[in-house]
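The values are calculated or read from the model by the stated rules, or taken from the named source; none is laboratory data. Everything numeric here is computed off the predicted structure, so don't read it as measured data. Don't worry about glycine lacking a Cβ; one is built from the backbone with ideal geometry, like all the others, and counts go over all protein chains shown.
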Amino acid sequence: MVHPPIPQFCKIAMTTTAPVNTSSKTSVVPLQTLLEQYAITHPEIESDKDLDIDLDLIERAYHFSEFHHSDQIRMSGEPYMVHCTQVVLTLIGLQLDAVTVAAGLLHDVVEDIEPVTIDQLAREFGDDVAGLVDGVTKITSLSFQNRED
């Protein structure tokens with residue numbers, strides 16, 4: 001069987017992201033690792049100022065998510081941040097922008113943390129990040145009755 005060629009974005013993700021942890025327990029990816037991976041996978045950002053703006057957004061989102069998920073444990077027994085940081089490694093490997101990466105870190109805080117709201121995320125991280133988080137939250141609550149819906 002002949003397989004279609006691997007898309008370029010997948011090749012980049014496979015060669016530039018952090019090594020996959022094959023142990024049964026995955027750990028939280030450290031902030032510094034995420035920032036380094038973002039810088040490596042975004043060579044098109046020519047200005048140090050622009051890169052610093054992106055890295056600052058990601059860092060603020062990381063700390064916000066880390067703070068709000070600090071007491072949460074997934075059913076697997078892993079800290080909740082493991083999931084958030086693994087999502088972000090995937091987004092970074094796909095060379096998505098800092099707004100999307102920040103939204104990846106924050107994608108469950110509104111759904112899982114009672115006092116956090118979309119309005120709060122908009123104030124802290126901007127309307128684009130808040131809009132992506134809101135969209136992801138709504139996607140998980142959609143249901144379809146048939147193909148035509």
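What number goes with the only condition from (1) within 13 Å of ASP54 (Cβ to Cβ); (2) modelled with pLDDT under 95; (3) not hydrophobic (A, V, I, L, M, F, W, C) that ASP128 does not pass?
Of everything listed in (1) within 13 Å of ASP54 (Cβ to Cβ); (2) modelled with pLDDT under 95; (3) not hydrophobic (A, V, I, L, M, F, W, C), ASP128 misses just condition (2).
Kindly list the number of the only condition in (1) in contact with a Leu (Cβ under 9 Å, 6 or more places away or on another chain); (2) among the hydrophobic types (A, V, I, L, M, F, W, C); (3) modelled with pLDDT under 95 that fails for LEU51.
Here LEU51 meets the rest and fails (1).
Tally up the residues in the stretch 40-54 that are under 19 Å from the mean Cα position of the chain (by Cα) and part of a helix (DSSP H, G or I), please.
Result for the stretch 40-54: 6.
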